[in-house]
Amino acid sequence: MLNNGHILTAAEMQEAEQHLIANGSSVIALMDRAGSGAADYIWRTAPHIPTLVICGPGNNGGDGYVIAQALLEKGAIVKIVASAEPSTDAAKTAKSLWQGVMLSLEEAEPEMQFVDCLFGTGLTRPVSGNLLKHYHRLSNGAQRRVAIDLPSGIETDTGSRLNEVSNYDLTIALGAYKPAHYLNPAAALMGDRVGVDIGVRSVSQTKLLARRTIAEPGKTDHKYSRGLVAIVAGPMKGAAKLSALAAQRSGAGYVKIFAGSDFESPNHSIVTVPCDDVKQLRAKLADERIGVIVIGPGLGRDSNAKQLLDAVLEIEKPVVLDADALMLLGDEVHRLQGRSSPVAMTPHSGEFAALSGGGESSKIYASVKLAAQSGAVVVHKGSDTVIANPMGDAVVAQQTSNWLSTAGTGDILAGMIAARFTNEKDMFLAAQQGQWLHSRAASLAGPSFSPEILIDHIAKAIQECL
Ligand SMILES: NC(=O)C1=CN([C@@H]2O[C@H](COP(=O)(O)OP(=O)(O)OC[C@H]3O[C@@H](n4cnc5c(N)ncnc54)[C@H](O)[C@@H]3O)[C@@H](O)[C@H]2O)[C@H](O)CC1
Ligand SMILES: [K+]
């Protein structure tokens with residue numbers, strides 16, 4: 001895993017580079033490693049394709065000269081178009097070693113393959129005017145587009161587009177993945193993503209989500225030691241049932257649904273606890289064997305739902321807040337501060353905006369900020385899910401299946417996180433395990449699955465973690 005899965009911002013990447021230089025490396029040596037590694041990958045995946053490499057003024061452009069020369073030496077037909085003269089010593093050296101054809105923007109014509117070495121982590125403003133026009137003419141005219149480090153026009157730390165950016169077939173990250181490699185809209189237009197190791201070993205508070213080991217139940221475990229998950233139901237009963245079924249398949253020892261007396265359990269083993277009013281709910285949730293409460297899926301947003309949420313928040317127990325519970329909480333996340341029991345919130349982007357008020361351009365920073373403001377673990381969902389804790393740690397997940405974009409999958413995730421919490425007793429870890437299992441189960445379920453089929457694949461995902 002590139003840089004052991006640690007994701008670096010542009011500033012952290014610069015520090016990493018300085019650290020390597022202080023330890024005897026040099027920018028040109030790093031550029032050589034980056035450029036030749038990228039050229040090897042391009043050649044392996046698409047040999048003998050006539051290629052145009054576009055080089056900008058900085059070290060991303062420097063990588064381009066190294067890549068072009070390496071491809072030329074492998075026997076490729078390759079040309080360079082430069083937007084400006086190199087402005088760094090390393091890029092100047094790389095250019096001096098280039099032995100092939102050099103074109104101006106006006107002279108260049110599209111080739112089958114376009115290799116983008118215009119801007120990388122040093123982009124500070126939108127690519128504009130004449131350069132942007134030629135970038136689009138030359139990239140749109142190619143059949144295969146490869147971005148070196150980042151597509152030009154992408155903001156490294158947020159994944160936002162500073163200008164219109166082409167769609168790529170391949171993006172080759174250099175040294176470490178940056179936030180933009182996993183955050184949308186950037187991540188969605190990068191095509192396949194691979195990394196070239198240039199020796200960077202720098203830690204960051206932001207990491208890529210990795211598979212975590214899950215312990216099998218021990219010989220002395222019983223249903224309560226593995227954990228009782230309490231699901232509070234509302235008028236949309238199916239949502240609570242999905243959460244409960246998912247919790248049951250994710251390692252909970254016992255799952256109970258707290259609901260009106262007309263509620264029917266989804267199976268023989270999930271127990272329904274009748275609670276016809278808030279008073280009864282409060283009394284029954286006081287059961288000390290309950291390890292975690294899930295509230296939100298199918299809860300509704302009326303005054304009754306609000307009372308149920310208030311009752312749950314009054315009880316000092318771990319809680320997973322999802323869906324309607326988040327909308328009811330709104331910007332009053334300070335209510336969660338100071339609790340002695342852990343809380344997880346699992347908002348999608350709309351719910352996240354209601355909780356945070358919006359305004360941050362980085363999904364990672366916004367999630368970390370909300371976690372700090374609330375004291376909760378935040379699972380900011382999407383095809384680029386970010387999980388953050390109040391200490392500033394963040395984990396970024398890679399979407400594995402676009403089929404997850406269907407109703408009910410969020411209810412399932414909430415139940416899974418709750419079940420993992422009752423086992424691990426650590427909400428940040430539980431959120432990561434739940435997220436990993438959820439997306440792995442989706443891959444295993446194949447195309448066009450229903451929520452029920454997704455639940456059926458959780459056990460297979462768990463098997464991969466044992
Ligand atoms: N960090 C490392 O360990 C290594 C990084 N490598 C590569 O270097 C780039 C980053 O290089 P840098 O010189 O810092 O930045 P860029 O090449 O991305 O561009 C900077 C250059 O461009 C000018 N500029 C910025 N925005 C614009 C704009 N919109 N229009 C015009 N000009 C712009 C800016 O003033 C600078 O002159 C990294 O991504 C890697 O590809 C090497 O591999 C070595 C190891
Ligand atoms: K680039």
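The values are calculated or read from the model by the stated rules, or taken from the named source; none is laboratory data. Predicted model, so just to flag it, every value in this text is computed and none were measured. Reconstructed Cβ throughout: ideal geometry from the backbone, glycine too, with neighbour counts over all protein chains shown. To get the accessible areas, we keep the full protein, side chains included, count just its heavy atoms, and leave off ligands, DNA and RNA. Shrake-Rupley method; radii C 1.70, N 1.55, O 1.52, S 1.80 Å.
Under the membrane-span-like helix rule (DSSP H runs whose alpha carbons stretch at least 15 Å along the helix axis, mean Kyte-Doolittle hydropathy 0.0 or higher), the chain yields 27-45, 303-314, 363-374, 409-424, 427-445. In vacuum, with every alpha carbon of segment 2-204 counted as one equal point scatterer, what does the Debye formula give for log10 I(q)/I(0) at q = 0.12, 0.14, 0.19 Å⁻¹? Two decimals, please. Rounded to two decimals, the profile gives -0.51, -0.72, -1.42.
Normalised by the number of residues in the chain, the mean separation of alpha-carbon contacts (under 8 Å, six or more apart) gives a relative contact order of 12 percent. When only Cα pairs below 8 angstrom with a gap of at least 6 residues are kept, segment 2-204 shows a relative contact order of 24 percent.
Note on R161 and M236: with the Förster distance fixed at 35 Å, the Cβ-Cβ geometry gives a FRET efficiency of about 0.45.
For G159, the residues 5 or more places off, or on other chains, whose built amide H falls under 5 Å of its own are A180.
When a 1.4 Å probe is rolled over the protein heavy atoms, the share of accessible surface on the chain that falls to carbon and sulfur comes to 49 percent. On full extension, the segment bounded by N184 and V271 gains 27.3 nm, given 0.36 nm per residue less the C-alpha separation. Looking at segment 228-463 alone, DSSP beta bridges between its own residues are antiparallel in about 20 percent of cases.
When both bridge partners sit in segment 2-204, DSSP labels roughly 5% of those beta bridges antiparallel.
For K363, go through the lysines and keep the ones whose alpha-carbon is under 27 Å away, minus same-chain ones fewer than eight residues off. Answer for K363, where 27 Å is the Cα cut-off: K178, K207, K381, K425, listed by chain and number.
Derived from the Cα gyration tensor, the three semi-axes of the equivalent ellipsoid of segment 365-466 are 23, 15, 11 Å, largest first.
For K92, a cut-off of 20 angstrom between C-alpha atoms picks up these lysines, skipping any fewer than 8 places away in its own chain: K79. So what's the net charge close to D322: Lys and Arg +1, Asp and Glu -1, counting the other residues with Cβ under 10 Å from its Cβ? Spelling it out: positives minus negatives among the neighbours equals -2. Only Lys, Arg, Asp and Glu carry charge here, each on its Cβ (+1 for the first two, -1 for the last two); on that basis segment 228-463 has a dipole of about 360 debye about its Cα centre.
Evaluated at q = 0.10, 0.11 Å⁻¹, a Debye calculation over the C-alpha positions of the chain (equal weights, vacuum) places log10 I(q)/I(0) at -0.76, -0.86.
Of the peptides 177-190, 33-46, 195-208, 428-441, the ranking by mean beta-carbon count within 10 Å, highest at the top, reads 428-441, 177-190, 33-46, 195-208. What segment 228-463 shows is 37 Å² of accessible area per residue, with the surface traced by a 1.4 Å probe over protein heavy atoms.
Taken as Cα centroids, segment 71-121 and segment 7-58 sit 14 Å apart, rounded to the nearest whole angstrom. Extension gain for the segment R339 to K284, taken as residue separation times 0.36 nm less the Cα-Cα distance, is 17.8 nm to one decimal.
When you restrict to C-alpha pairs under 8 Å that are six or more residues apart and normalise by the size of segment 227-307, the relative contact order lands at 42 percent.
In the full protein context, segment 2-204 carries 40 Å² of accessible surface per residue, based on a 1.4 Å probe and ignoring ligands, DNA and RNA. Count Lys and Arg as plus one, Asp and Glu as minus one, and take only other residues whose Cβ is under 9 Å from that of C117; the net charge is then -3. E332 sits with roughly 80 Å² accessible to a 1.4 Å probe, with DNA, RNA and ligands left out of the calculation. Using a simple spin-label model with pseudo-atoms 7 Å out from Cα toward Cβ, M391 and V101 lie 5.7 nm apart. Ordering L138, N163, A176 by Cα displacement along the dipole of segment 132-176 toward the positive end leaves L138 in first place; charges were set at the Cβ atoms of Lys, Arg (+1) and Asp, Glu (-1). Hey, rough spin-label estimate for N304 and E452, points 7 angstrom out along Cα→Cβ, what's it come to in nanometres? Rounded to a tenth, the inter-label distance reads 2.6 nm. Charge tally around I49: other residues with Cβ under 14 Å, Lys/Arg +1 each, Asp/Glu -1 each, net +3.
Label sites at V203 and N402, each approximated as a point 7 angstrom past Cα along Cα to Cβ, lie 3.8 nm apart. Only DSSP H runs of four or more residues enter the estimate; each adds -39500 (n - 2.57), and after division by the residues of the chain the mean residue ellipticity at 222 nm equals -11500 deg cm²/dmol.
With the cut-off at 1.5 for a/c, could you classify segment 219-372 from its C-alpha gyration tensor as rounded, prolate or oblate? Here segment 219-372 falls in the prolate category. Rounded to the nearest 5, the antiparallel percentage of DSSP beta bridges internal to the chain is 15%.
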